[in-house]
Amino acid sequence: MGEIKVSPDYNWFRSTVPLKKIIVDDDDSKVWSLYDAGPKNIRCPLIFLPPVSGTADVFFQQILALTGWGYRVIALQYPVYWDHLEFCDGFRKLLDHLQLDKVHLFGASLGGFLAQKFAEYTHKSPRVQSLILCNAFCDTTIFNQTWTANSFWLMPAFMLKKIVLGNFASGPLDPVMADGIDFMVDRLESLGQSELASRLTLNCQNSYVEPHKIRDIPVTIMDVFDPSALSTEAKEEMYKLYPNARRAHLKTGGNFPYLCRSAEVNLYIQIHLLQFHGTRYAAIDPSMVSAEELEVQKAKLQNSNEQEQQ
């Protein structure tokens with residue numbers, strides 16, 4: 001149990017990348033927590049937005065790998081926001097504070113929905129250069145919880161945790177996926193009542209993405225073929241909404257592929273960001289760009305997939 005929490009990689013991450021806390025709202029209780037790693041001269045970094053149960057460190061494997069290849073990466077944890085507009089306004093202020101004009105966003109589940117809403121919110125003065133949407137959705141009604149969205153704030157923490165845990169996989173799992181779930185349960189335990197209630201409210205409040213406002217943004221849709229909290233209908237909706245999106249399919253990975261299948265997720269992120277190399281929107285230090293390295297990674301992934309099929 002809790003293998004990831006005691007792993008050398010996680011401990012190395014926690015000891016080398018500081019957790020920063022930033023307040024950008026008039027309300028001092030709204031604190032953004034973030035890890036900002038990689039070359040600070042990069043002005044268009046990749047920003048990770050976590051799911052309902054996640055904290056900023058659930059993306060530690062992406063931070064370690066991508067910064068090693070020369071990318072600037074920021075992983076966030078949201079303050080308590082109760083509606084999408086309030087979140088978008090706070091996030092815009094955070095980008096202003098960090099002096100970031102445009103960014104690439106990787107959003108997982110709720111994080112993916114919020115990334116799309118932020119791109120939509122800023123469409124007249126774009127702040128989002130591209131989107132990677134992992135197990136994401138475009139319409140909150142898929143959860144059939146819109147009628148309870150306004151009552152989450154009343155519920156005690158244990159009840160909210162039970163609601164979230166109900167979406168976690170159960171039954172026999174391979175050890176890596178079981179470790180990923182253990183780690184997410186541990187992260188979930190660290191969240192307070194208001195944090196959880198506000199995230200569930202954002203997750204279930206009646207809202208959908210307006211595609212005409214963000215259709216020019218390059219998108220990669222990353223999803224898994226094994227069971228996850230996302231229904232087939234929700235995935236199909238995403239494909240319909242972004243007909244020109246690149247698709248990154250993972251054979252397995254469940255709800256948290258960035259933890260359980262980090263090598264594949266990291267590779268798909270690199271492939272997505274490759275289109276911006278050599279432009280002012282590159283998330284990588286130009287001196288670190290190596291196409292050969294990416295080709296080697298691709299070949300490795302292909303080989304591992306072939307071995308799995310045998």
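The values are calculated or read from the model by the stated rules, or taken from the named source; none is laboratory data. Not measured: the values here are computed from a predicted model. For neighbour counting, all protein chains shown are included, and Cβ atoms are generated from backbone atoms with ideal geometry for every residue, glycine included. Ligands, DNA and RNA are excluded from the accessible area calculation, which covers all protein heavy atoms including side chains. Shrake-Rupley method; radii C 1.70, N 1.55, O 1.52, S 1.80 Å.
At 0.36 nm per residue, and after removing the present C-alpha to C-alpha distance, how many nm does the segment from residue 236 to residue 263 gain when stretched out fully?
In short, 7.2 nm is gained.
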Sulfur and carbon atoms: percent of accessible area, the stretch 4-308 [1.4 Å] | 53
Listed residue (248, 267, 287) projecting farthest to the positive dipole end of the stretch 206-297, Cβ model | 248
The long-range amide H neighbours of residue 47, using H built 1.01 Å from N in the peptide plane and a cut-off of under 5 Å, are 74, 104, 105, 106
Within the stretch 66-120, trypsin sites (Lys or Arg not before Pro) in DSSP loop having at most 16 other beta-carbon neighbours inside 10 Å = 102
To the nearest 0.05, how large is the calculated FRET efficiency for residue 102 and residue 23 if R₀ is 30 Å and r is the Cβ-Cβ distance?
-> 0.85
List the lysines whose Cα lies under 23 Å from the Cα of residue 240, skipping any in the same chain that are fewer than 8 positions away.
-> 117, 213, 251
Between residue 186 and residue 174, how many nm apart are label points set 7 Å from Cα along the C-beta direction?
-> 2.1
If each of residue 225 and residue 40 carries a label point 7 Å out from its Cα toward its Cβ, how far apart are those two points in nm?
-> 4.5
Within the chain, the percent of DSSP beta bridges that are antiparallel, given to the nearest 5, stands at 35
With every protein chain kept in place and a 1.4 Å probe, the stretch 4-308 has an accessible area per residue in Å² of 43
From DSSP H assignment alone, runs of 4+ in the chain each adding -39500 (n - 2.57), the sum over residues rounded to the nearest 500 puts [θ] at 222 nm at -12500 deg cm²/dmol
Length gained, residue 5-residue 154, 0.36 nm per residue minus C-alpha separation, equals 50.5 nm
